[in-house]
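Report on one structure; see the data block that follows.
The values are calculated or read from the model by the stated rules, or taken from the named source; none is laboratory data. All values reported here derive from a predicted model rather than from experimental measurement. FYI the Cβ positions are ideal-geometry reconstructions off the backbone, even for glycines, and counts take in every protein chain you see. When the accessible area is computed, the model is the full protein with side chains, heavy atoms only, and any ligands, DNA or RNA have been set aside. Shrake-Rupley method; radii C 1.70, N 1.55, O 1.52, S 1.80 Å.
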Amino acid sequence: MASADSPTSDFKLPSDHEFVEPKKGIKGPSDMASWQKSEAYYEYFGFLMAINDAVKGKALDSNYSCSPIAEKVVEMLNKFELWINDIPPTEQPQRFGNKSFRIWHEKLTNSAVDELKLILPENLYKAIPEIVQYLLESFGNATRIDYGTGHEMAFVMFLCCMFKIDAFPISDKTAVGVKVFQRYLEVVRKLQLTYRMEPAGSHGVWSLDDYQFVPFIWGSSQLAGHPRIEPQHFTDHGVVEANSKQYMFLSCIEYISKVKKGPFAEHSNQLWNVSGVGSWSKVNSGLVRMYKAEVLAKFPVMQHVLFGSLFSLKPVPDSITFKTPRPPSSLVGPH
């Protein structure tokens, strides 16, 4: 790991770095304080903000650098989506939790290591036992047949790991936000709809969305400084329909409008309140604060998170104080 006392030094894993299979590390609410002072917390939140900055003002079809490995990750996600077509939902009486998801997830579990071998150069195969666990956690729970912000967080951690092991170059930051993560969103939405997945720990109308949070953060950053679309416009169906293919935030609104019926202010009250904020930059900073409070500070989410050599619960020394957690030093540099 990059040392905690030199967070901006050039990040390179030593050749003898020992990868480990990550494990759950937050056993009870009393462990939350250790998490919030850990290297993992500072690097995860720093990564979230690094991508937030990289996608600022960038539409989904804007010009950006995208490495061959990032393209291969998109191809892998395309393959995962094709599996959904091959594994149709089972005829069953209950409304939620179609058991065919377990077949899809078993295929993911059996194939994930080989899929990563198709993506990574051979010298990085040694990282696979660690990073594959984040990938496997990214698509929902096969026992409960549910999906929530903890699964989304696992995929963000997987993306961060890809930078930390030097698979993604720094120049991929924008592509990871507007291309790779957007493709992931499309796949998990299809999983949610096809297999009628339960929301994991949903707050109902008091949350932004039953399933996702990060695309609202990065999506509001995309819209920062937009000459025509203001926060008040995302409740306008015409604006959403015309721009959902360009902006992640609006694609989230379009998805919610497809799966929920009735007045928007009633089924998505928290988002309705967001539409009254004066600028996208204020929406963005408010959502970041909300994410820290409602996801990163909540034991029911964090008890499922995995920690290993790339995301460590080792404490950041008291001598290091950051107003904002820094991104992993593998991401310090130009976009």
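Worth pointing out:
- Residue check, GLY201 among the small types (Gly, Ala, Ser), in contact with a helix residue (DSSP H, G or I) (Cβ under 9 Å, 6 or more places away or on another chain) and open to solvent by less than 40 Å² (accessible area, probe 1.4 Å): no
- Remark: pairs (first residue in the range 291-302, under 13 Å from GLY150 (Cβ atoms); second residue open to solvent by 50 Å² or more (accessible area, probe 1.4 Å) and of a type in the set (Gly, Ala, Ser); Cβ separation under 9 Å; 6+ apart in sequence or on different chains) = LYS298/GLY201; PRO300/GLY201; VAL301/GLY201.
- Residues of the range 275-292 that are open to solvent by 50 Å² or more (accessible area, probe 1.4 Å) and within 16 Å of VAL156 (Cβ to Cβ): LYS292 alone.
- Candidates PHE216, PHE249, filtered to the one that is closer than 26 Å to PHE47 by Cβ, in contact with a Cys (Cβ under 7 Å, 6 or more places away or on another chain) and open to solvent by less than 60 Å² (accessible area, probe 1.4 Å): PHE216
- Residues considered: LYS179, LYS126. Of these, the only one that is basic (Lys, Arg), modelled with pLDDT of 95 or more and more than 30 Å from ASN63 (Cβ to Cβ) is LYS126.
- Count - residues of the range 65-103 that are in a loop (DSSP other than H, G, I, E, B) and either on the phi > 0 side of the Ramachandran plot or open to solvent by 40 Å² or more (accessible area, probe 1.4 Å) (or both): 12
- Selection of the range 293-310 for residues being surrounded by fewer than 16 Cβ atoms within 10 Å (Cβ to Cβ) and assigned to a helix (DSSP H, G or I) yields ALA293, PHE299, PRO300.
- The sole residue among TYR147, TYR125, TYR134 that is aromatic (Phe, Trp, Tyr) and open to solvent by 70 Å² or more (accessible area, probe 1.4 Å) is TYR125.
- Test: SER62 is in contact (Cβ under 8 Å) with a residue 40 or more places away in the chain, among the polar types (S, T, N, Q) and either loosely packed, with under 13 Cβ neighbours inside 10 Å or over 30 Å from PHE299 (Cβ atoms) (or both): yes
- Check on THR109, polar (S, T, N, Q), more than 12 Å from the chain's Cα centre (by Cα), within 22 Å of MET197 (Cα to Cα) and assigned to a helix (DSSP H, G or I): yes
- Test set (1) crowded, with 21+ Cβ neighbours inside 10 Å; (2) touching a residue at least 60 places away in the same chain (Cβ under 8 Å); (3) over 16 Å from MET76 (Cα atoms) - MET162 fails condition number: (3)
- Options VAL283, VAL277; residue that is modelled with pLDDT of 90 or more, assigned to a helix (DSSP H, G or I) and touching a Pro at 6+ places or on another chain (Cβ under 6 Å): VAL283
- Looking at ALA200, ALA154, just one residue is of a type outside the set (Ser, Thr, Tyr) and closer than 25 Å to PRO68 by Cα, and that residue is ALA154.
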